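Read-outs: derived from the displayed coordinates by stated rules, not from any lab. Not measured: the values here are computed from a predicted model. Cβ atoms come from the backbone with ideal geometry, glycine included; neighbour counts cover every protein chain shown.
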Amino acid sequence: MKVKIITVIISALLIFSVFSCGSTQTATTAGNARQQPQIQPLKIIYQDYFPIGNIIKDNYMRGEYLDLLIEHFNYATAENSMKPSGLGPRERGGEYNWAPADRMVDLMLNNDIAIHGHTLVWHNQTHAWMTEGSPEVVRQNMISYINAVLAHYKGRVFSWDVVNEAVIDGINPGEQNWRNCLRPSGWYQAMGADYIDLAFRTARAADPDVLLFYNDYNLNNPRKATMVRDMVRDLNERYRAEGHDRNLIEVIGMQAHYSTSVSISNVRAALDMFREIGVSVAITELDVETRTVGGANSGTGRDSFATDTEQRIQALTYANLFQLFKEYSDLIIRVSFWGMDDELSWKSFGNPCLWDSNLEPKQAFFAVADPEGTLNR
Ligand code: XIL
């Protein structure tokens, strides 16, 4: 197979330069630290498997960031601009803030990068007014917001995270009912569990051409994955029982904010669980921290200290994940990263990206480019 031949050649070229060099810097041409090594773009390496995405934000709209984005990725998700706090009016009845997101969408589409919409209904980054007032007012706020956004992006954005992070962490062992596991967001407080169904039905009616996602993190936790599976299955069964011939929730987005201790078998178990209920899966926000710092220390660490061993373990984690994703490529419709470089990552203290703060490719990059070669080395 073409991809296999390419990866064999690449791995032969990179064995010495990546894993036998003692420093955390990876292969670059002497005398020109900024020159990227000769390697196939990730989107080409994975073209027979799935599209490969990353985020778009102001810093990535020019210069080397944009060059790298265009070179390696064929999907983009706005990191913040298409969230309710980014697009939505500051007060009820006010103006929508389309311009910043539209600049990103136009730039991406002009460079053959498709856009995934993120996100319509969430407990975070949402103006307070949207969930204030009587249940009926909150309901109308949600409906009119979804309608406005889908109408605005019609024909330009073909998939949306309709509901993000509705399920709690720390689910009790033996829990049987997903309705007991919902986050007490403003949406939930106004409408109860029904807000999820309503959000998806509103989005479907607003634009039937759009692929609808439920997106969440920690789905490598078996209890959380089980509750998400049950929720999606229930809502889809109810919808289909009304005579619809497609699912209401078509894709489960696994955010995949991982550390190097992530259990690959738990990720596999979640993929198996989601396959069982007949939906597709997307890996929507992948990053792998060399160490989990979390909290207030998550951002602006530039390149925080990571030993060569930590970088190696991170590379192996990425390799294991991509080997798994390839194995499940009939189920997985996209793999997107949440950031290109360690400096601008939301978790920069954990150095979670494929490029360092100088935009040099890390061991992690070469591991993604050639997972099998990396693991067999
Ligand atoms: C993060 C952004 O990366 C940060 O810039 C912002 O300050 C907070 O949100 N899950 C999601 C994303 O669905 O929207 C979050 O993005 C990361 C966790």
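Here are the numbers for the structure shown:
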{"quantity": "Within the stretch 122-164: backbone nitrogen closer than 16 Å to the Asp194 label point (7 Å, Cα to C-beta)", "calculated": "134-143"}
{"quantity": "Listed residues Leu331, Leu109, Leu354, most fluctuating in the chain (Gaussian network, C-alpha, under 10 Å)", "calculated": "Leu109"}
{"quantity": "Compactness of the stretch 168-243 - radius of gyration and Dmax, Cα, Å", "calculated": "13.2, 39"}
{"quantity": "Relative contact order (%) - the stretch 156-280, alpha-carbon pairs under 8 angstrom, separation at least six", "calculated": "30"}
{"quantity": "Percent RCO, i.e. relative contact order, over the stretch 40-155, from Cα pairs under 8 Å lying at least 6 residues apart", "calculated": "23"}
{"quantity": "Contact order normalised by residue count of the stretch 303-360, Cα under 8 Å, 6+ apart, percent", "calculated": "36"}
{"quantity": "For q = 0.07 Å⁻¹, Debye-computed log10 I/I(0) when each Cα of the chain counts as one equal scatterer", "calculated": "-0.31"}
{"quantity": "Spatially close lysines, pair count over the chain: Cα under 22 Å, gap of eight or more or interchain", "calculated": "16"}
{"quantity": "Share, in percent, of DSSP beta bridges within the chain that are antiparallel, nearest 5", "calculated": "10"}
{"quantity": "Shape category assigned to the stretch 76-198 from the gyration tensor of Cα positions, a/c cut at 1.5", "calculated": "oblate"}
{"quantity": "Exposure proxy order (Cβ contacts within 10 Å, fewest to most) of Glu289, Glu360, Glu242", "calculated": "Glu242, Glu360, Glu289"}
{"quantity": "For the stretch 215-359, radius of gyration divided by Kirkwood radius, i.e. Rg to Rh on alpha-carbons", "calculated": "1.04"}
{"quantity": "Rounded tilt (10° steps) of 264-276 against the dominant C-alpha axis of the chain", "calculated": "40"}
{"quantity": "Neighbour-count ranking [beta-carbon atoms within 10 angstrom, fewest first] of Leu212, Leu68", "calculated": "Leu68, Leu212"}
{"quantity": "Gain upon complete extension [Asp58, Arg179; 0.36 nm per residue less C-alpha separation]", "calculated": "39.7 nm"}
{"quantity": "Degrees between helix 2-14 axis and first principal axis of the chain (Cα, 0 to 90, nearest 10)", "calculated": "50"}
{"quantity": "Antiparallel bridges, percent of DSSP beta bridges restricted to the stretch 240-377 (to nearest 5)", "calculated": "10"}
{"quantity": "Residue-averaged 222 nm ellipticity for the chain, from DSSP H runs of 4+ at -39500 (n - 2.57), nearest 500", "calculated": "-12000 deg cm²/dmol"}
{"quantity": "Tilt relative to the chain, helix 63-72 - C-alpha long axis, 0 to 90 degrees, to 10", "calculated": "80"}
{"quantity": "At R0 = 22 Å, FRET efficiency that the Cβ-Cβ distance of Asn376 and Ala269 yields, to 0.05", "calculated": "0.35"}
